[in-house]
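A.B. asks: Could you have a look at this structure, given as structure tokens, before my questions?
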Amino acid sequence: MRPIYLDYNASTPIDPSVAAAMRPFLETAYGNPSSGHWAGKPAREAVENARRQIAELLGASAAEIVFTSGGSEANNHALKGVAFALRNKGDHIVTSTVEHPAILGPCAFLSQLGYRITQVPVDPFGRVDPDDIQRAITPKTILVSLMHANNEVGTIEPIAEASRITREHGIIFHTDAAQSVGKIDTNVDLLGVDLLTIAGHKLYAPKGIGALYVRHGTPLEPLIHGAGHEGGRRAGTESALLAVALGAAASLARDLSAMERVRTLRNRFWEALQSRYGERVALNGHPEQRLPNTLNISFVGKVGAEVLARLDGVAASTGSACHSGRIELSPVLKAMKVPPEVGMGAVRFSLGRSTTQQDIDAVVEKIDSAMTAMA
């Protein structure tokens, strides 16, 4: 049977229009964007046009966009860049317990250098209470980093509410928007953020390209030193090929209408499973404040990896791992205090622009077969 891809939160295929935009930079437009001669000029123009396209998606100015190698670099740049730039002002960073490893990893590194990290908790839906952000702030707090939407369960965090608190205290606010860009509105002024992370391969662009939005006036030490590229904020010759790809993907992402179709498919999928299995399936994440493409469900009393293994040809992911015969919940589900008998059955289905009703119907049938076999 035809394979079915429902792991768009892990990575997306390159959109055909994005691939078409890249093609000239694979074949003829090979100049260095920093060169002043005829070969460099088209590459420079392409990079700057892509920067404008990304800025338009975010409601920012082109000068506030820094190209990176992906979301992980952008997150590292945001956290380490602020920490090093403001080391004389403070040493305290606030984040949450459900952040991506690309946030928690840099925080762990900074803690080894003497920075203090506070991880605020989440409720059973995976959502942070802005009051906890308020309570965590100290006179030494220099940065709050809170993801816009969770990659596992899709819960959307109250970024605008939290950023209002940080503005009152004069604290820099960063959000990891790798999962939300192209799925929900990510206007930086509406969110009130100073720094925002984009990952290209979550956005129908290739792997190896991302961007960091840096609001004018935000102090930020470069993560990569060596030359004056990216306005002096990131050394390294820009890849016109990858910048153009991210710019084209950003232009596509401005139209969120496709996500409403995806939301409808996601809801039908959940309703079909609920009608068949009732309390034998449980929703992980917020029922409403959730990405339109994400459905993280637990097959109660089952092991998610075993369920997924029986869904022949379906690409999805699990929220638990088996180590030496013992099931371990993901840190996100643990932070949400999902009971082990529920969390061990978690499977994340994440839909995309190419997902069809036929795909959903086929997966439901496969789940029926799997549940019957595991009864």
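The values are calculated or read from the model by the stated rules, or taken from the named source; none is laboratory data. Everything numeric in this text was worked out from a predicted model, so none of it was measured. Reconstructed Cβ throughout: ideal geometry from the backbone, glycine too, with neighbour counts over all protein chains shown.
A.B. asks: Mind listing just one residue for me: the one in region 130-147 that is outside any loop (DSSP other than H, G, I, E, B) and of a type in the set (Ser, Thr, Tyr) and, of those, surrounded by the fewest Cβ atoms within 10 Å (Cβ to Cβ)?
C.D. replies: Only one residue tops the list, namely Thr141.
A.B. asks: Sticking with this one: Against the condition closer than 25 Å to Thr197 by Cα, crowded, with 19+ Cβ neighbours inside 10 Å and not acidic (Asp, Glu), how does Asn9 come out, does it pass?
C.D. replies: Judged against the criteria, Asn9 is a match.
A.B. asks: Here are some residues: Ala60, Ala50, Ala74. Which one is modelled with pLDDT of 95 or more, within 20 Å of Pro222 (Cα to Cα) and either more than 25 Å from the chain's Cα centre (by Cα) or of a type outside the set (Ser, Thr, Tyr) (or both)?
C.D. replies: Of Ala60, Ala50, Ala74, the one residue that is modelled with pLDDT of 95 or more, within 20 Å of Pro222 (Cα to Cα) and either more than 25 Å from the chain's Cα centre (by Cα) or of a type outside the set (Ser, Thr, Tyr) (or both) is Ala74.
A.B. asks: Let me ask another. How many residues are within 16 Å of Glu152 (Cα to Cα), crowded, with 20+ Cβ neighbours inside 10 Å and touching a helix residue (DSSP H, G or I) at 6+ places or on another chain (Cβ under 7 Å) if we restrict to region 270-291?
C.D. replies: Residues flagged as within 16 Å of Glu152 (Cα to Cα), crowded, with 20+ Cβ neighbours inside 10 Å and touching a helix residue (DSSP H, G or I) at 6+ places or on another chain (Cβ under 7 Å) within region 270-291 amount to 1.
A.B. asks: Another question, if that's okay. As an exercise: evaluate His225 against (1) surrounded by fewer than 18 Cβ atoms within 10 Å (Cβ to Cβ); (2) modelled with pLDDT of 95 or more; (3) not acidic (Asp, Glu) and give the number of the one condition it does not meet.
C.D. replies: Answer for His225: the failing condition is (2).
A.B. asks: List the pairs whose first member sits in region 351-369 and is touching a residue at least 60 places away in the same chain (Cβ under 8 Å), whose second member is small (Gly, Ala, Ser) and exposed (fewer than 15 other Cβ atoms within 10 Å of the Cβ), and whose Cβ atoms are under 6 Å apart, counting only residues at least 6 apart or on separate chains?
C.D. replies: Qualifying pairs under 6 Å: none.
A.B. asks: Ok, one more. For region 130-187, give me each residue that is under 23 Å from Pro292 (Cα atoms) and acidic (Asp, Glu).
C.D. replies: Glu152, Glu157, Glu161, Asp176, Asp185
A.B. asks: May I pose another question? Restricting attention to region 97-129, and to residues there that are over 17 Å from the mean Cα position of the chain (by Cα) and more than 24 Å from Leu212 (Cβ to Cβ), which single residue is surrounded by the fewest Cβ atoms within 10 Å (Cβ to Cβ)?
C.D. replies: Here the residue is Gly114.
A.B. asks: Please state which one of Gly285, Gly231, Gly301 is closer than 27 Å to Met374 by Cβ, in contact (Cβ under 8 Å) with a residue 12 or more places away in the chain and more than 19 Å from the chain's Cα centre (by Cα).
C.D. replies: Gly301
A.B. asks: I want to confirm something. Restricting to region 21-38 and keeping residues that are without any contact (Cβ under 8 Å) to a residue 60 or more places away in the chain and in a helix (DSSP H, G or I), which single residue is farthest from the chain's Cα centre (by Cα)?
C.D. replies: Restricting to residues being without any contact (Cβ under 8 Å) to a residue 60 or more places away in the chain and in a helix (DSSP H, G or I), the top hit is Glu27.
A.B. asks: Can you tell me which of Ala205, Ala211, Ala282, Ala243 is at pLDDT 95 or above and in a helix (DSSP H, G or I)?
C.D. replies: Sole residue among the options that is at pLDDT 95 or above and in a helix (DSSP H, G or I): Ala243.
A.B. asks: Could I ask something else about it? From the list Ala50, Ala43, Ala83, pick out the single residue that is under 17 Å from Gly200 (Cα atoms), of a type outside the set (Val, Ile, Thr), in contact (Cβ under 8 Å) with a residue 60 or more places away in the chain and in a helix (DSSP H, G or I).
C.D. replies: Ala50
A.B. asks: Conditions: (1) part of a loop (DSSP other than H, G, I, E, B); (2) touching an Asp or Glu at 6+ places or on another chain (Cβ under 9 Å). Phe173 meets all but one. Number of the miss?
C.D. replies: (1)
A.B. asks: Here is a follow-up. Report, by residue number, each residue of region 285-303 that is closer than 27 Å to Asp129 by Cβ, part of a strand (DSSP E or B) and not basic (Lys, Arg).
C.D. replies: Selection gives Thr294, Leu295, Asn296, Ile297, Ser298.
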